[in-house]
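What follows is a short report on a single structure.
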Protein chains: 2
Amino acid sequence: MSEAHSPARPFHEAVRPTTIIQSPRLNSRLGVDVAIASETFQHTGSFKFRAALYVALNVPHPAVITASSGNFGQAMAYACRLTGKACTVVMPSTSAQVKMEAVREFGATVDLIDVKIISRADRVAELALEHPEAYIASAYDDPYVIEGNASLGDEILEQARQADTLIAPLGGGGLTAGLVTAVRRNGATIQVFGAEPLLANDGARSLREGRLVSNDGEPQTLADGARTISLGRRNWEILRDGLAGIVEVPEEQIREAVRLLFSLANLKVEPTGALAVAALLTEPERFRGQAVWCVASGGNVDPGLYRDLIA
Amino acid sequence: MSEAHSPARPFHEAVRPTTIIQSPRLNSRLGVDVAIASETFQHTGSFKFRAALYVALNVPHPAVITASSGNFGQAMAYACRLTGKACTVVMPSTSAQVKMEAVREFGATVDLIDVKIISRADRVAELALEHPEAYIASAYDDPYVIEGNASLGDEILEQARQADTLIAPLGGGGLTAGLVTAVRRNGATIQVFGAEPLLANDGARSLREGRLVSNDGEPQTLADGARTISLGRRNWEILRDGLAGIVEVPEEQIREAVRLLFSLANLKVEPTGALAVAALLTEPERFRGQAVWCVASGGNVDPGLYRDLIA
């Protein structure tokens, strides 16, 4: 709408309230009463806009640089457009064309790299030297990102006073750290669980070992938003005591959750966005009889992949 | 949720508020500022639940009989479960298995017929004789249905004070008749347009000829919710003066609208549910520069068909 070129507005006016979805047929299938907080209709199609906007509104820098081939790049591009900042998004040249286009549509510069020649982190460091006026934004390990994501927790807690459990996808830990932050400051008793791909279970292993551990390389899970090497350090400090647990979700349950949300709740989610519902499929006994809220974190998925998933 | 077995509650507590979706990328593509009122997350996945619940709450009969192979059958089944009424849904034996299952999951009786042997109307008449206690519900030509659908108009008008135009799918005319009813009783000036498949353009021809005309047989449009032979008589009386116009939508624009809503708004709609956005693709000049609301009427679509549509 016309907001696209309007000056910066306060955070809560610009963020879309989360969409709450309930489906009796989905509840029957899952054996749990579930409310879904869907961020698929958030601006740019994922919760990442909350973090990106919080960064853009709170750093004094006139420009932002970030590395992201996914939802954070698009979110940062749109947040910078809304706040009148320049934005550069570093992406591998092998990224999907639709993802580059989405970033460019919001007026940001796409900086393509060959990851065989230079890593994303090294290219961001190069750009930071060239642009000392720019803020370097991490997609998850950043206090503004955590605070922006906490706004989703605040919204959910307003509605979920009677709920026992809140489950959210876990990648770098920015979302769950935000939710835990919100639970703590609201004095709520709801338990927060992370839903992490089994193939990328550095978070679950970190909890078990009591120290931050990493994956050996980028895990090839279908949930591409959770292909992080490790939790962010700031997030780990919040999550090590703040999470009630992490459910390690096999790939087949991710697929099944995407299908169920499509067929029983009319909800289009990306694989990462299905992780929380997939956690209920993975450990149904753990949550039986509880009132559960699941975060569907985003909806941006390649049509070809989505076709395969709902087959 | 637990409401499934609770006693009847007033209409406005049981109906889900419509979900309002806006997408800057969709606006850029359409060249119009659009807000989508999505009924895809309404109970049973379409606006038809509004009509069905209004019937179930307002007729004194302990049972309801209807003929529907689509959204109204599922909606009536769930509305009857919520209100403690018996429900029979007449369906052709060739209906999709998933549609029969959805009706049965809500506790209704599915009455299968061979349409080569007996018509739906004749079978409903037979059942009406056997069950004199039952109310026979039309999916669109019924004052309670129109009133139930008007509740969507009331909701939209609360939000759309500055809007110029409201576009909604047109099949039997129950939805648009409800919207026009709401506009009239609210004294609103918004113009209401119907979006009708060109292959099933009895409504547009009726407006042109100033009399109610019918299609020769069931039109084979992709928008299966608009495969009606003609507008309902009650709806025609409201629509003949109440509609600002009808856009006749070719099949290719229906497909394109399903794809755009999927890719730019993360919204899963059935072909009928995409008709209003498809009308903007069909006659872009007619609505340029206006603030437009489009009703996405439902989201229930066979996965196989949907896969083809988003390819």
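The values are calculated or read from the model by the stated rules, or taken from the named source; none is laboratory data. These figures come from a predicted structure and were not determined experimentally. Please note: Cβ atoms are built from the backbone with ideal geometry, for glycine as well, and neighbour counts cover all protein chains shown. The area values use the complete protein model at the heavy-atom level, side chains included, leaving out ligands, DNA and RNA. Shrake-Rupley method; radii C 1.70, N 1.55, O 1.52, S 1.80 Å.
Among the conditions (1) touching an Asp or Glu at 6+ places or on another chain (Cβ under 8 Å); (2) away from chain B (no Cβ under 13 Å); (3) surrounded by 22 or more Cβ atoms within 10 Å (Cβ to Cβ), A:Ala257 misses just one, which is (1). Please verify whether A:Asp308 is open to solvent by 30 Å² or more (accessible area, probe 1.4 Å), in a helix (DSSP H, G or I) and either more than 11 Å from every other protein chain (Cβ to nearest Cβ) or closer than 18 Å to A:Leu30 by Cβ (or both), treating the condition exactly as stated. Spelling it out, it is not the case that A:Asp308 is open to solvent by 30 Å² or more (accessible area, probe 1.4 Å), in a helix (DSSP H, G or I) and either more than 11 Å from every other protein chain (Cβ to nearest Cβ) or closer than 18 Å to A:Leu30 by Cβ (or both). Only one of the listed residues (A:Val247, A:Val192) is of a type outside the set (Asp, Glu), surrounded by 21 or more Cβ atoms within 10 Å (Cβ to Cβ) and farther than 30 Å from A:Leu57 by Cα. That residue is A:Val247.
Scanning region A:41-61 for residues that are buried (at least 19 other Cβ atoms within 10 Å of the Cβ) and either in contact with a Ser or Thr (Cβ under 7 Å, 6 or more places away or on another chain) or on the phi > 0 side of the Ramachandran plot (or both) gives A:Phe41, A:Thr44, A:Gly45, A:Ser46, A:Phe47, A:Arg50, A:Ala56. In this structure, A:Thr176 does not satisfy being under 18 Å from A:Ala139 (Cα atoms), part of a helix (DSSP H, G or I) and open to solvent by 20 Å² or more (accessible area, probe 1.4 Å).
Look at A:Glu147 and say whether it is outside any strand (DSSP E or B) and open to solvent by 60 Å² or more (accessible area, probe 1.4 Å). The answer is no for A:Glu147.
Which one of A:Thr19, A:Thr66, A:Thr40 is under 26 Å from A:Thr176 (Cβ atoms), touching a Phe, Trp or Tyr at 6+ places or on another chain (Cβ under 7 Å) and within 14 Å of chain B (Cβ to nearest Cβ)?
Of the residues listed, the single one that is under 26 Å from A:Thr176 (Cβ atoms), touching a Phe, Trp or Tyr at 6+ places or on another chain (Cβ under 7 Å) and within 14 Å of chain B (Cβ to nearest Cβ) is A:Thr19.
Against the definition (in contact with a Pro (Cβ under 6 Å, 6 or more places away or on another chain), touching a residue at least 24 places away in the same chain (Cβ under 8 Å) and not acidic (Asp, Glu)), how does B:Arg227 come out, yes or no? When the stated conditions are applied, B:Arg227 passes them. For region B:98-112, the criterion of being crowded, with 21+ Cβ neighbours inside 10 Å and part of a loop (DSSP other than H, G, I, E, B) is satisfied by at least one residue. Kindly provide the set of residues from region B:83-94 that are under 18 Å from B:Asp122 (Cα atoms) and surrounded by fewer than 18 Cβ atoms within 10 Å (Cβ to Cβ), ordered by number. Matches in region B:83-94: B:Pro92, B:Ser93, B:Thr94. Assess whether A:Gly225 counts as being away from chain B (no Cβ under 14 Å), modelled with pLDDT under 95, part of a helix (DSSP H, G or I) and out of contact with any Phe, Trp or Tyr (no Cβ under 7 Å at 6 or more places or on another chain). Judged against the criteria, A:Gly225 is a match.
Just to be sure I understand, how many residues within region B:260-270 are in contact with a Phe, Trp or Tyr (Cβ under 9 Å, 6 or more places away or on another chain) and either part of a loop (DSSP other than H, G, I, E, B) or more than 9 Å from every other protein chain (Cβ to nearest Cβ) (or both)? Let's see the steps before the verdict.
From region B:260-270, those in contact with a Phe, Trp or Tyr (Cβ under 9 Å, 6 or more places away or on another chain) are B:262, B:265-270; that's our starting set.
Then drop every residue that is not either part of a loop (DSSP other than H, G, I, E, B) or more than 9 Å from every other protein chain (Cβ to nearest Cβ) (or both), which leaves B:266, B:268-270.
Summing the residues that are in contact with a Phe, Trp or Tyr (Cβ under 9 Å, 6 or more places away or on another chain) and either part of a loop (DSSP other than H, G, I, E, B) or more than 9 Å from every other protein chain (Cβ to nearest Cβ) (or both) in region B:260-270 gives 4.
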